[in-house]
Amino acid sequence: FVSPEFPTFAVDRESAVPSYVGHFIRWSRFHEQLAGLTRGLGQRRQRVHPDQLLTCQIPLPPIPMQRKVAERLDALTCAANALTELARRAQELSEALVVSLATRPDLDEPAKRRAGWQLRPLGDVVDVKTFVAVEVEASRDYPIAGVYSFGRGLIDRGVMPGSKTSYKSLTQLDQDDVVFSKLGAWEGAVAVVPPEFDGFYVSSEFPTFGIDRGQLDPAFFSGIVRSPEFRALMNSGTQGSRARRKRINPSQFLDTEVWLPPIE
């Protein structure tokens, strides 16, 4: 069912094949026709009346040709969807490989120790960044970042005018910093800052750390924070009785132990 805001039409099957019409109305040229018929002020308030839709013209070859065109486009659509799924799966496997290389679930504890791995607290290899807190100025704009859960990286939250926030100071991110959400770290809201987020800002709800590159490679740690094992560690160290009230503070984060191989 749909509301009256969604006018509905039946295809005249004596003159048109529904699947042919279905492909045609997804064409950008058809959308351009509709855009020229809209009424209203502002992009989100433009409206097309049913009578206006019916004035749009589309090419209609004979029924057998319409079926042939529709079948061809159906096949191409299926092939395109299959390629999209293969690309998604390839990306998924690529990311999983990075995580596996950083955590080596195939090695037990003795094997890791023989290979030079050590179980170390994060406080040994990262430091809290307090010196980059900047005082908010009402006349400035600040690009704001957030942190996705489940190790999915940073969120671009857009530009915030200094006059629109109650925060007195913000923390500026540098590439390869480590940042987490106090409220979301228990479900993996931890990230290594990529180049495109260099210079962004976060509030005090997002503790930020610098990496000791002599002991920890940022790209390697990026694999660790995306792993289910690391999320389990974060979840076990939370405070709070309910899921949405769980919090992790910087000292808990720094006490978290992870397996690290030699820097080489």
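For every residue, the table says whether it meets (1) at pLDDT below 95; (2) open to solvent by 40 Å² or more (accessible area, probe 1.4 Å); (3) within 29 Å of residue 93 (Cα to Cα).
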position	(1), (2), (3)
193	no, no, yes
229	yes, yes, yes
232	yes, yes, yes
235	yes, yes, yes
243	yes, yes, no
248	yes, no, no
255	yes, yes, no
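Charged (D, E, K, R), modelled with pLDDT of 95 or more and either in a helix (DSSP H, G or I) or in contact with a Gly (Cβ under 8 Å, 6 or more places away or on another chain) (or both): which single residue out of 74, 51 fits that description? Before you say what the answer is, go through the steps one by one.
Working: 51 fails: modelled with pLDDT of 95 or more.
Among 74, 51, only 74 is charged (D, E, K, R), modelled with pLDDT of 95 or more and either in a helix (DSSP H, G or I) or in contact with a Gly (Cβ under 8 Å, 6 or more places away or on another chain) (or both).
Of all residues in region 199-225 being out of contact with any strand residue (DSSP E or B) (no Cβ under 9 Å at 6 or more places or on another chain) and not small (Gly, Ala, Ser), which is nearest to residue 172 (Cα to Cα)?
205
Among the listed residues 38, 103, identify the single one that is open to solvent by less than 90 Å² (accessible area, probe 1.4 Å) and under 30 Å from residue 223 (Cβ atoms).
Values: 38 fails: under 30 Å from residue 223 (Cβ atoms).
Criteria check complete, one pass: 103.
Taking only pairs six or more apart or across chains, which ones have beta-carbon atoms under 6 Å, a first residue in region 175-199 that is farther than 14 Å from residue 222 by Cα, and a second residue that is of a type in the set (Gly, Ala, Ser)?
181/189; 184/149; 187/149; 197/145
Can you find a residue that is assigned to a strand (DSSP E or B), among the small types (Gly, Ala, Ser) and surrounded by fewer than 14 Cβ atoms within 10 Å (Cβ to Cβ) anywhere in region 150-161?
Start the filter on region 150-161 by keeping residues that are assigned to a strand (DSSP E or B), which leaves 154-161.
Now drop any that are not among the small types (Gly, Ala, Ser), which leaves 158.
The next check asks that each one be surrounded by fewer than 14 Cβ atoms within 10 Å (Cβ to Cβ); those that pass are 158.
Within region 150-161, one or more residues are assigned to a strand (DSSP E or B), among the small types (Gly, Ala, Ser) and surrounded by fewer than 14 Cβ atoms within 10 Å (Cβ to Cβ).
Within region 162-191, can you find the residues that are open to solvent by 50 Å² or more (accessible area, probe 1.4 Å), closer than 22 Å to residue 227 by Cβ and of a type in the set (S, T, N, Q)?
175 - this is the single residue of region 162-191 that is open to solvent by 50 Å² or more (accessible area, probe 1.4 Å), closer than 22 Å to residue 227 by Cβ and of a type in the set (S, T, N, Q).
If you check residue 76 against the conditions, is it closer than 30 Å to residue 219 by Cβ and either surrounded by 10 or more Cβ atoms within 10 Å (Cβ to Cβ) or basic (Lys, Arg) (or both)? It would help to see each step written out before you state the result.
Details: closer than 30 Å to residue 219 by Cβ: no; either surrounded by 10 or more Cβ atoms within 10 Å (Cβ to Cβ) or basic (Lys, Arg) (or both): yes.
No: the conditions fail for residue 76.
Filter region 220-236 for residues that are without any contact (Cβ under 8 Å) to a residue 40 or more places away in the chain and of a type in the set (A, V, I, L, M) and give the result.
Residues satisfying the conditions are 232, 233.
Residue check: is residue 46 among the polar types (S, T, N, Q) and more than 25 Å from residue 4 (Cα to Cα)?
Details: among the polar types (S, T, N, Q): yes; more than 25 Å from residue 4 (Cα to Cα): no.
So residue 46 does not fit the description; no.
Restricting the search to region 55-70, which residues are in contact (Cβ under 8 Å) with a residue 40 or more places away in the chain and in a helix (DSSP H, G or I)? Even if it seems obvious, please write down each step before you answer.
Going through region 55-70, the residues in contact (Cβ under 8 Å) with a residue 40 or more places away in the chain turn out to be 60, 63, 66-67, 69-70.
Matches in region 55-70: 63, 66, 67, 69, 70.
The values are calculated or read from the model by the stated rules, or taken from the named source; none is laboratory data. What you are looking at is a predicted structure, and each value in this text was computed from that prediction instead of being measured. Neighbour counts are summed over all protein chains in view; Cβ atoms, including those assigned to glycine, are modelled from backbone coordinates with ideal geometry. The area values use the complete protein model at the heavy-atom level, side chains included, leaving out ligands, DNA and RNA. Shrake-Rupley method; radii C 1.70, N 1.55, O 1.52, S 1.80 Å.
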